[in-house]
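The structure appears right after this line, and notes come after that.
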Amino acid sequence: MKSHKSIASVPSWVLESVAQRKQGNLFRQTMVMESGQAPIAKVGDKQYLMFCGNDYLGLANHPKLLKGLKQSAAEYGVGSGASHLVNGHNRLHQSLEEELAQWLGYERVMLFSTGYMANLGVISALTDKNDLIVQDKLNHASLLDGAKLSGAKLKRYLHKDSEAANRILQQNQAQHKMLATDGVFSMDGDIAPLDVLSSIANEHDALFMVDDAHGLGCFGENGVGSIGTYHLTQAQVPLLMGTFGKAFGTSGAFVATSNDMADFLTQFARPYIYTTAMSPAIAGATKASLSLIRGSEGEDLRAKLDSNIATFRTGAKQLGLTLTNSRTAIQPILVGESHKAIQFSEALKKQGVWCTAIRPPTVANGRARLRVTLSAQHTHQQIDVLLQALSIAIA
Ligand SMILES: Cc1ncc(COP(=O)(O)O)c(C=O)c1O
């Protein structure tokens, strides 16, 4: 009888890597939410007060978005059926792009399926091995991965050290140069000095790119985010990336830029070209979200979010907690070592408050934290419950 080769088992190095993660308190796993995004959500059979999502305006379950989604799905279907450049780009995608461009004051907007793909797409299309990319040390993984994918020389400067960015651009010769930064830093919640960085990029003839995943919708006039804070326009920030998975309450992303640059990206940004266009239902829900964000309801939600941020910061400071210099919805509490962050998170969980511990490699060694995030939907009373739970957890 012919002997069958046994099915290959998982290589030992794979198992060892996982074991190492577990040993270092760095093992990650998903948890299953039994309800939608909301300040109070169900995990297992228990209700928790949630302070870790990115649904900053509480739009993920908003009736206007649900209506937009249902109507769009009824008219255009659930799936787009093809990539943007074949026949997947429909009237909803087009009008969402045009409305975003008008809102932000840019010539063109291109939709991407995720923010991760938008960052990979822009950076890898615009740079190659003869080029230099300069990035903040705390930039999001997708900006760093875009640089890796492009093969360009990547140099990182200390967090928000614009002088260092300037020096690097001055001292390094390259065919093309690019400077890229988060607008709001995803793990620290502070805002990049975009005005200074934009001037530096301009001085060195470098392309300037801003990822405002956590700023858009949350602050600035009409909710335009970080560019609004500094009154910057397309001329100063020629490449602006934004996501829909956070304040917009849906999913997907976009890049706002000039007509000429959009033409270029349409030819060369592979994560734009070789993937299915966003679901029309999501495009419709995102249009509803944009109209809400731009209007008076958006203003009211931003005011509520601001008030929640102030309430939390005042209370956390009274407890002697170490916060970052953030005035955004991201309010991390720095605890240092990973095991401490886990203990802290578990102590909160026992009191019915959910806030995930963030550990290396997402943040640097010794900088583990509880990434507290606030939403306009939280009440002051819920924030008081969080503060009370924190005071017990640190005791
Ligand atoms: C700063 C930043 N950029 C990009 C992304 C990726 O966006 P998306 O979730 O749409 O892939 C995220 C988070 O997810 C982020 O925090």
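The values are calculated or read from the model by the stated rules, or taken from the named source; none is laboratory data. Keep in mind it's a predicted model, so treat the numbers as computed, not measured. Neighbour counts run over all protein chains shown; Cβ positions are idealised from the backbone, glycine included. The accessibility values were calculated without ligands, DNA or RNA, using every heavy atom of the protein model including side chains. Shrake-Rupley method; radii C 1.70, N 1.55, O 1.52, S 1.80 Å.
Quick check, is L66 hydrophobic (A, V, I, L, M, F, W, C) and over 22 Å from I293 (Cα atoms)? Taking the combined requirement at face value, the residue does not satisfy it. Give the residue that is nearest to the ligand (Cβ to nearest atom), with candidates limited to residues of the range 114-125 that are open to solvent by less than 50 Å² (accessible area, probe 1.4 Å) and within 25 Å of V224 (Cα to Cα). Checking each candidate, the answer is G115.
Filtering the range 221-247 to residues that are open to solvent by less than 30 Å² (accessible area, probe 1.4 Å) and either over 12 Å from the mean Cα position of the chain (by Cα) or without any contact (Cβ under 8 Å) to a residue 24 or more places away in the chain (or both) leaves G223, V224, G225, S226, I227, G228, L232, V237, L239, L240. Checked across the range 248-260, the condition of being more than 19 Å from H89 (Cβ to Cβ), in contact (Cβ under 8 Å) with a residue 40 or more places away in the chain, within 15 Å of the ligand (Cβ to nearest atom) and within 20 Å of the chain's Cα centre (by Cα) holds for at least one residue. Residues that are open to solvent by less than 10 Å² (accessible area, probe 1.4 Å) and not small (G, A, S) within the range 342-377 comprise L348, V353, C355, R369, L370, V372, T373, L374, listed in sequence order. Out of A41, A74, I need the residue that is away from the ligand (no atom under 16 Å from the Cβ) and open to solvent by less than 30 Å² (accessible area, probe 1.4 Å). Which one? Matching residue, one of A41, A74: A41. Looking only at residues of the range 229-246 that are in a strand (DSSP E or B) and of a type outside the set (V, I, T), we find that the one that is nearest to the ligand (Cβ to nearest atom) is M241. For the range 178-203, taking the residues that are more than 14 Å from the ligand (Cβ to nearest atom) and open to solvent by 30 Å² or more (accessible area, probe 1.4 Å), the one that is nearest to the chain's Cα centre (by Cα) is identified as D195. Considering the range 104-113, and only residues there that are under 16 Å from A256 (Cβ atoms) and within 16 Å of the ligand (Cβ to nearest atom), the residue that is surrounded by the fewest Cβ atoms within 10 Å (Cβ to Cβ) turns out to be V109.
Just one of the listed residues (A125, A101) is touching a residue at least 12 places away in the same chain (Cβ under 8 Å), assigned by TED's automatic domain parsing to the domain that holds L216 and within 26 Å of R302 (Cα to Cα), namely A101. For K129, the criteria (1) more than 30 Å from S80 (Cα to Cα); (2) open to solvent by less than 60 Å² (accessible area, probe 1.4 Å) hold in every case but one, which is (2). Of all the numbered requirements in (1) more than 23 Å from K177 (Cβ to Cβ); (2) touching a strand residue (DSSP E or B) at 6+ places or on another chain (Cβ under 7 Å); (3) of a type in the set (A, V, I, L, M); (4) part of a helix (DSSP H, G or I), L216 misses one, and that requirement is (4). Can you name the residue in the range 155-177 that is among the aliphatic types (A, V, I, L, M) and not in a loop (DSSP other than H, G, I, E, B) and is also surrounded by the most Cβ atoms within 10 Å (Cβ to Cβ) among such residues? Per the stated criteria, the residue is A165.
Taken over the range 136-154, the criterion of being away from the ligand (no atom under 15 Å from the Cβ), surrounded by fewer than 22 Cβ atoms within 10 Å (Cβ to Cβ) and of a type in the set (A, V, I, L, M, F, W, C) is satisfied by L154 alone.
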